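Trainee: Here's a structure for you.
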Amino acid sequence: MATAEPKLPSQLPITQPRYVGKDSPRMEDPLLLTGKVEYGNDIRTPGMLHAAILRSPHAHARIKSIDTSGAEKLPGVAAVLTGKEVKDWSRPVFGVPEGWTGYALAVEKTHWVGEPVAVIAASDRYIAEDALELIDVEYEPLEPVVDALKAGSPSAPNVLEGKDSNVAYDRRFVFGDVDGAFASADLIVREQFRWHRSSGNPIETCVCIADWNPFNGMLTLRGGHRSPHLILPALVISLGIPSQQVRIIQSPLGGSFGVKTFARYVVLIALMAKKLGGRPVKWTEDRIEHLIGNSSHAWDRHYDCELALKRDGTIAGMKMQLVDDLGAFSEWLAIGMLLKPLLCLGSCYHIANVDYSCKGVITNKTPQGPLRAFGLPPHFWVIEQLIEIAAKKLGLESNEVRRRNFIQKDQFPYVSPSGNVYDSGDYEASLSLLLSKTGYDELRREQQVARAQGRLLGIGVVSSIEPGLTGPPMLALASPRIFSRTSSPEGILLRIDAFGKIIAELGFPTGGQSQHSFVRQILADYFGVALEDIQVITVDSLSMQPSTGPISSSMAIALSGAVLGAAARLTDKLKRAAAVMLEASADDVELFDGQFHVRGAPGKSLAVAQVAQFMMARPDLLPEGVDGNPQATYVWNPPDRTIPDEKGFGRYSVTAAGAQHLCMVEVDPETGQVKILKYVMVDDCGVRLNPSVVRGMLMGGMAHGVGTALLEEYVYDDKGQMLTSSYMDYLMPTIMEVPAAEEHEMCTPSPIAPLGVKGVGEGALHTTPAAVLCALNDALEPLGVRITEAPMTPLRIWKALQGARA
């Protein structure tokens, strides 16, 4: 019997939800607060060895010879792995488009400073590190390619052998009548923007423990892997190992921000385990390795943009040309960050005519990899800055320009120019709430007084979209052979034990986003039990249901769907058993407030635990087709997705959360230092399963966005040497830079997603950089200064101020 998926919490089988939509306690917190979580680096296994990695000191060099004999003789060293063995035993690391990556170790040539050249396994990490110094490598330095704009020219040296250029991806997408829109425009604003690369920096770095059993061929992996779904294809493709011979046991994640895939290093440590022939080996990434050697860098972009408007401020069309420096390889799914803007080309605005060109080039830098928000923060900054520029030229207040171009409430579900669907929203009401809560008019008056005193105060008001649950349809534009599918499965196994307690089995670990907690909240309300009666566990890759895991702001959507689907299936099974106990037809039995009732006979009821225990105790009385196991599985998939056509028109995501932010800053004219005076957010992520968790994620995303806008930057010199390889130079925000922000809720429930939720995992990072950067340019506007390069570090601001004075 099919049960309709609840589209709001009020549709759950309970009089009033007790936990869903409430600030419920997180089940993850006791272990976190007491320091009892077992992270990857805490794991010890008998006979375990420790790995250390020798890395290239050159951005581009030929390996003429490598002598490992000195390292092999050091007491405590068990094995040394080099590029020759890696080439013999594996294929290049997985990436799309295919053919633009290298092996897990450098083979014959190195491609960036920090690329792995050799691996040592020893009895402890100290010996392994000492042994690295005994490896003798002779390099022949080659000319590095560092400038992304020059990398795409025919005269540039080729980074990868066998390629006739450095352009890994180059595509233009045109939607609507762009030429006509620009020909009829009253104003065209043009600007170039530069966004420098940064990365995610979780508290826990990457950890992998590999054990390859030489007798049964089973490869067992432990550590901080955020999703087997993301790692398994890389192992199967690179190692040629059958998927059923890989067992991935996941540890809790001490943060991720997208970087806990690290497929290159999983392959590499697995190969070392293969060479060791039965002894487990652990690699724990150190901080410098994370900064220079992991594929965690992202968004190294050059923009050339135009916005066409009518005299009344209506946006007629947009052109955006983008060149992204992918680094040495187009590794894993990094190219997807070039494509994700297709999901929300116009952000919150109705821009019917868009020309979007994106090019990914290869250089001698650290490869890009997935990073929280997956390529959208620079896109939203460019749009918002263009609106600010256009408003000033038109003599209009910028928020009025925004209002005139917002997608209106009655236009939802809204089909964007690229075919993607926004499920719901009320952007005008969100902006009004933001301006009201901040006292916007008074802030502008305060700014006028400050300017009269010579102070540099600026206010930025911006909008953005957070697409929830994206995946294969978008990636089909980069590799149709691999990604011509619409699925993003999320599965769960749900069972009730002999004592009436509920156990939910998931395929991914805890990672700070409270997914295990909201599974418990939903089940507690659905079955009318206490939170304490439910356990949520992570199972290994051979036991799990099909699962995509935490990626692309998907968990509130996909996991809610999986939990509700499994709960409905289990309920249908229990109903048939309850019908026997209640001597009624199964069609007349319903679950409500934790009791199975017979319609029309409210006095006859049974608790869920009673029915489950009856099923296990008296299988002889169960109806045909019902076994004695109160268990159900369910795999949820996004509805109504489509594969994009040859023009890139398709339905890519499920939900569209909306956000409006205000930032007020003051700039010190002598030093370029920035102080954030006020920060306020209005976020519409539909129904909030746990409001306190959402607030925490928004605050964390805001802090990440402040760092991205003001501080975090990987700097390379013209030889490809990284100049920011420690936290002395790669600066991240502290409590001194991150403001105490206000957050206000707007709620337009999703009509598509379960329980009306929308994705919010990447949260404020989409919007905060644009708010801070637009506020800074507003502060500098009286001096005739506009900075179009991010991050706007104190040095960049100081140089701009000096230029204005000169």
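Trainee: Given a 1.4 angstrom probe, I'd like the percentage of the accessible area of the chain that is carbon and sulfur, rounded to a whole number.
Mentor: Carbon with sulfur: 52 percent of the solvent-accessible area.
Trainee: Determine which lysines satisfy two conditions relative to Lys310: a Cα distance under 18 Å, and not lying fewer than 8 residues away in the same chain.
Mentor: Lys319, Lys392, Lys393
Trainee: I've got another one for you. With all protein chains present, calculate the accessible area of Val415 using a 1.4 Å probe and round the result to the nearest 10 Å².
Mentor: The value for Val415 is about 80 Å².
Trainee: To continue, here is another question. Which residues in the range 261-290 have a backbone N closer than 14 Å to a point placed 7 Å from the Cα of Arg247 along the Cα-to-Cβ line?
Mentor: 280
Trainee: Given the C-alpha centroids of the range 110-136 and the range 420-495, what is the distance between them in whole angstrom?
Mentor: Going from one Cα centre to the other spans 43 Å.
Trainee: Sorting check: for 657-664, 509-516, 630-637, which peptide has the highest mean count of neighbouring beta carbons within 10 Å, and how do the rest follow?
Mentor: Order by mean packing, descending: 657-664, 509-516, 630-637.
Trainee: Pairs Lys109/Lys719; Lys678/Lys799; Lys64/Lys359; Lys22/Lys678; Lys437/Lys678: which exceed 22 Å Cα-Cα?
Mentor: The answer is Lys678/Lys799; Lys64/Lys359; Lys22/Lys678.
Trainee: Among rounded, prolate and oblate, which fits the range 146-215 when a ≥ b ≥ c are the square roots of the eigenvalues of its C-alpha gyration tensor, a/c under 1.5 means rounded, and a/b larger than b/c means prolate? Kindly include the intermediate steps, with their values, before the conclusion.
Mentor: On the way: a/c = 2.55, a/b = 1.88, b/c = 1.35.
Prolate is the answer for the range 146-215, as a/c is 1.5 or above and a/b outweighs b/c.
Trainee: Can I ask one more? Please compute the net charge surrounding Asn213, taking Lys and Arg as +1 and Asp and Glu as -1 over other residues with Cβ under 13 Å from its Cβ.
Mentor: Charge balance in the 13 Å sphere: +2.
Trainee: Hey, rough spin-label estimate for Phe499 and Asp177, points 7 angstrom out along Cα→Cβ, what's it come to in nanometres?
Mentor: Each label point lies 7 Å from its Cα, and together they span 7.1 nm.
Trainee: A further question follows. Under a 5 Å amide H to amide H cut-off, with H placed in plane at 1.01 Å, what residues pair with Tyr716 once short-range neighbours are removed?
Mentor: Leu723
Trainee: Which of the peptides 82-95, 467-480, 146-159, 28-41 is most tightly packed, and how do the rest follow, going by the mean number of other Cβ atoms within 10 Å of each residue?
Mentor: Values: 82-95: 19.2, 467-480: 23.3, 146-159: 15.9, 28-41: 13.5.
Result, highest mean Cβ count within 10 Å first: 467-480, 82-95, 146-159, 28-41.
Trainee: Can you tell me the order of 719-726, 256-263 when each peptide is scored by its average per-residue count of other Cβ atoms within 10 angstrom, highest first?
Mentor: Ranking the peptides 719-726, 256-263 by packing returns 256-263, 719-726.
Trainee: Which whole-Hz ³J(HN,Hα) couplings does the range 177-189 yield from phi under the Karplus relation 6.51 cos²θ - 1.76 cosθ + 1.60, θ = phi - 60°, glycine and proline marked x?
Mentor: After applying 6.51 cos²θ - 1.76 cosθ + 1.60, I find 9, 5, 4, x, 4, 6, 5, 9, 6, 8, 8, 10, 9 Hz.
Trainee: Here is a further query. Provide the net charge surrounding Arg264, with neighbours chosen by a C-beta distance below 11 Å and charges set as Lys +1, Arg +1, Asp -1, Glu -1.
Mentor: Around Arg264, the surrounding residues sum to -2.
Trainee: Can you give the calculated 222 nm mean residue ellipticity of the chain, where each DSSP H run of n ≥ 4 adds -39,500 (n - 2.57) and the sum is split over every residue, rounded to the nearest 500 deg cm²/dmol? Please report the intermediate quantities before stating the final value.
Mentor: Numbers: 22 runs with 227 residues, N = 806.
Helices in the chain give a 222 nm mean residue ellipticity of -8500 deg cm²/dmol.
Trainee: Apply the Karplus curve 6.51 cos²θ - 1.76 cosθ + 1.60, θ = phi - 60°, to the phi angles in the range 749-765 and return the couplings in whole Hz, x for Gly and Pro.
Mentor: x, 6, x, 9, 7, x, 6, x, 7, 9, x, 9, x, 8, x, 5, 4
Trainee: Structure shown: which of Lys163/Lys260; Lys575/Lys758; Lys340/Lys647 lie over 23 Å apart, alpha-carbon to alpha-carbon?
Mentor: Details: Lys163/Lys260 30 Å; Lys575/Lys758 31 Å; Lys340/Lys647 15 Å.
Exceeds cut-off: Lys163/Lys260; Lys575/Lys758.
Trainee: May I pose another question? Given 0.36 nm per residue, what is the gain on full extension from Asp668 to Asp147 after removing their alpha carbon distance, in nm?
Mentor: 184.4 nm
Trainee: Which aspartates and glutamates have a Cα lying under 12 Å from the Cα of Lys7, excluding residues fewer than 8 positions away in the same chain?
Mentor: The reachable aspartates and glutamates, counting only those whose Cα sits under 12 Å from Lys7, number zero.
Trainee: Additional query: Give me the accessible area per residue for the chain, probe 1.4 Å, as a whole number in Å².
Mentor: Value for the chain: 36 Å² per residue.
Trainee: Determine the principal axes of the Cα atoms in the chain, then give the extent along each, sorted from largest to smallest and rounded to whole angstroms.
Mentor: 90, 74, 50
Trainee: Between the range 304-328 and the range 1-60, what's the alpha-carbon centroid distance in Å?
Mentor: Result: 39 Å between the Cα centres.
Trainee: Evaluate E = 1/(1 + (r/R0)^6) for Arg62 and Arg403, where r is the Cβ-Cβ distance and R0 equals 60 Å; express this FRET efficiency to the nearest 0.05.
Mentor: 0.55
Trainee: Could you derive backbone 3J(HN,Hα) for the range 331-336 from the dihedral phi with the Karplus parameters 6.51, -1.76 and 1.60 (θ = phi - 60°), listing whole Hz in sequence and x where the residue is Gly or Pro?
Mentor: 8, 6, 10, 4, 5, x
Trainee: Please sort by residue number the GluC sites (Glu not before Pro) in the range 521-595 whose DSSP state is loop and whose Cβ has at most 16 other Cβ atoms within 10 Å.
Mentor: Of the GluC sites (Glu not before Pro), the ones in loops of the range 521-595 whose Cβ has at most 16 other Cβ atoms within 10 Å are Glu583.
Trainee: Hey, another quick one. Between Glu532 and His744, what FRET efficiency comes out of the Förster formula 1/(1 + (r/R0)^6) with R0 = 41 Å and r the beta carbon distance, rounded to 0.05?
Mentor: 0.80
Trainee: Would you grab the residues whose amide H sits under 5 Å from the one on Val536? Only those 5+ places off in sequence or on another chain, please, with H modelled 1.01 Å from N.
Mentor: Those qualifying (amide H under 5 Å, at least 5 residues apart or on another chain) are Ala504.
Trainee: Distance between Cα centroids, the range 745-781 to the range 504-538: provide it in whole Å.
Mentor: Value for the Cα centre distance between the two parts: 27 Å.
The values are calculated or read from the model by the stated rules, or taken from the named source; none is laboratory data. As the structure is a computational prediction, the values presented were derived from the model and not from experiment. Reconstructed Cβ throughout: ideal geometry from the backbone, glycine too, with neighbour counts over all protein chains shown. For accessibility, only protein heavy atoms count, side chains too; no ligands or nucleic acids. Shrake-Rupley method; radii C 1.70, N 1.55, O 1.52, S 1.80 Å.
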